[in-house]
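Read-outs throughout are calculated quantities, based only on the coordinates presented, and are distinct from any laboratory measurement. None of the values given here were measured: they were computed from a predicted structure. Cβ sites come from the backbone with ideal geometry, for glycine too, and all protein chains shown count toward neighbours.
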């Protein structure tokens, strides 16, 4: 008996198979492949559409059904586990997936149709609620924190600070202006020379409190040497430098006035 239906009722071969299964009230897990194949072929012969693109999909399914029908007539194949293979298993799986997707599409369509009748107002959340921020729980913030992790964070911070320091300029000391003059140092040398007619240059330098004081002292000694007020002697290379007073220190006042 031919099935009097049109192609546009079904969306594809699987849709047609589901229709035949539902119509005959067949268990989808136990499809009588011979009966379903005969009905499917009757439908193919009664199709009124001549579109080859559409016809090809139904013909491929027809070939699949005929293949399954032939395999059902042959002795059943056995898997490596010793279980018998059902030639219909793959087709059943495809039918179940198609049935699930079709049901989901109907549900989505119903939701879309219902959404057309819904209207949503704009949110009117009070400012106090928008400004609210949940207080942080210290226990959550410190969860999993260990001394090793803290040390790693500390080392990273120290390394970042070190990277910011200029390796050259960081060694520069603080430059401070030191109020010292050659005339002042000459006065000190004058007072020292009254009590020490001969003394070591090193001894004089040790009394200075800074590098600037030492430089000015050295300039003062050069000035006295130039004027002939003192005599400087060094017996050997890198040896001790000895200073001997030549003129009376009280006569050095002329030198002080010139400086």
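Miscellaneous remarks
- FRET efficiency for residue 212 and residue 147, using Cβ-Cβ distance with R0 set to 41 Å, rounded to 0.05: 0.25
- Ratio of Rg to Rh over the stretch 50-107 (Cα coordinates, Kirkwood Rh, two decimals): 1.12
- Computed lengthening from residue 244 to residue 35, 0.36 nm per intervening residue step minus Cα-Cα distance: 61.6 nm
- Förster-model FRET efficiency, 41 Å R0, residue 24 and residue 115, C-beta, rounded to 0.05: 0.65
- Extent of the stretch 7-115 along its three principal axes (Cα atoms, max minus min coordinate, largest first): 53, 34, 25 Å.
- Peptide packing for 128-136, 36-44 was compared via the average number of neighbouring C-beta atoms within 10 Å per residue; ordered from the highest value, the list is 36-44, 128-136.
- Each semi-axis of the equivalent ellipsoid for the stretch 182-258 is √(5λ) with λ an eigenvalue of the Cα gyration tensor; in descending order they amount to 18, 15, 11 Å.
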